[in-house]
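One structure is given below, encoded as structure tokens.
The values are calculated or read from the model by the stated rules, or taken from the named source; none is laboratory data. Predicted model, so just to flag it, every value in this text is computed and none were measured. Neighbour counts are summed over all protein chains in view; Cβ atoms, including those assigned to glycine, are modelled from backbone coordinates with ideal geometry. Accessible surface areas use protein heavy atoms only, side chains included; no ligands, DNA or RNA. Shrake-Rupley method; radii C 1.70, N 1.55, O 1.52, S 1.80 Å.
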Amino acid sequence: MRELPGGWYDMAPAASGAPAGPYALLFPFAGGNIHSLREWVAELGPGWRPLVAQYPLRGRRLRTPMPAALTDLAVELADAFLEFAPGERPLLLGHSLGAHLAHAAAVRLEERGVVPRLLVAAASRTADGAVRPGEVPLHLRSDPDLIEALGLDGTVPEALADPRFAALFLPVIRADLRLGHDHLAAGYARTVRCPVLAVGGTEDPLARPDDVSAWSKTAAGDFALELVPGGHFFQQAGGTGLRGHFDRARTDTGGPPSVPAAPHPDDHSGDLR
């Protein structure tokens, strides 16, 4: 593991002389860190150079404040990637909250003239499913109610039984959840030219199959939907069956390597619904 500029960590094994494959940019779920997507790194298979984003308020970014908007964080990460890998066409994969960061980062890359190989949105609902009648946003719930809700999808660390750990972890996940809630409530629905793959667990209570299929609205081009047995963290059981999608994205040389940069690349607040 090697720290890179802008919050990125290179998770490729250190192997002298190993060929460098295309980049895969991975975006963790709410409360996650650079170690949270080990299963997804494994699912990608060989031939990729996986980079995982470290969000503010954790690890070496503990004292970095959380941006006001999810798109701000996505732009920071996308721009940092282009600084050390200019012109590279990555795959972007995000789980739950991370899917929206991956999507907003894909928008930013295309604004700057780079079309990603593939955008993978896993275990995530779109703005269409952002607000459900009678549902109190997770980040506004009491500590006991938040812990109970997180337990429904298997995200609760056993260490939360320790009040000292809870005092450290809950503010971080609240900040992440607030970022995601505000992003969805604003109805951000920009389309991307790159292929989009939406993946969901058949038993996921947070992102139901219909929620996941709505990602088709973000695809200006190719779209595929895959449903995998399991809940919100279906990938933890292994064997998602997605390797074929990843291998095609890795070897594809027929897609457009770039598009003309947008005339105003810093304007990333629009809604192209």
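Descriptive notes on the structure:
- Test: A123 is among the small types (G, A, S) and closer than 16 Å to A189 by Cα: no
- On inspection, V120 does not qualify as open to solvent by less than 50 Å² (accessible area, probe 1.4 Å), modelled with pLDDT of 90 or more, in a helix (DSSP H, G or I) and touching a Gly at 6+ places or on another chain (Cβ under 8 Å).
- Selection status of L44, under 15 Å from H183 (Cβ atoms) and in contact (Cβ under 8 Å) with a residue 12 or more places away in the chain: no
- C194 meets all of the listed conditions (1) open to solvent by less than 50 Å² (accessible area, probe 1.4 Å); (2) at pLDDT below 80; (3) over 25 Å from H139 (Cα atoms) but one, namely (2).
- Residue among A161, A167 that is at pLDDT 75 or above, open to solvent by 60 Å² or more (accessible area, probe 1.4 Å) and either β-branched (V, I, T) or over 28 Å from W215 (Cα atoms) (or both): A167
- Scan the range 44-75 for residues that are under 23 Å from D252 (Cβ atoms) and open to solvent by less than 30 Å² (accessible area, probe 1.4 Å) and the total you get is 6.
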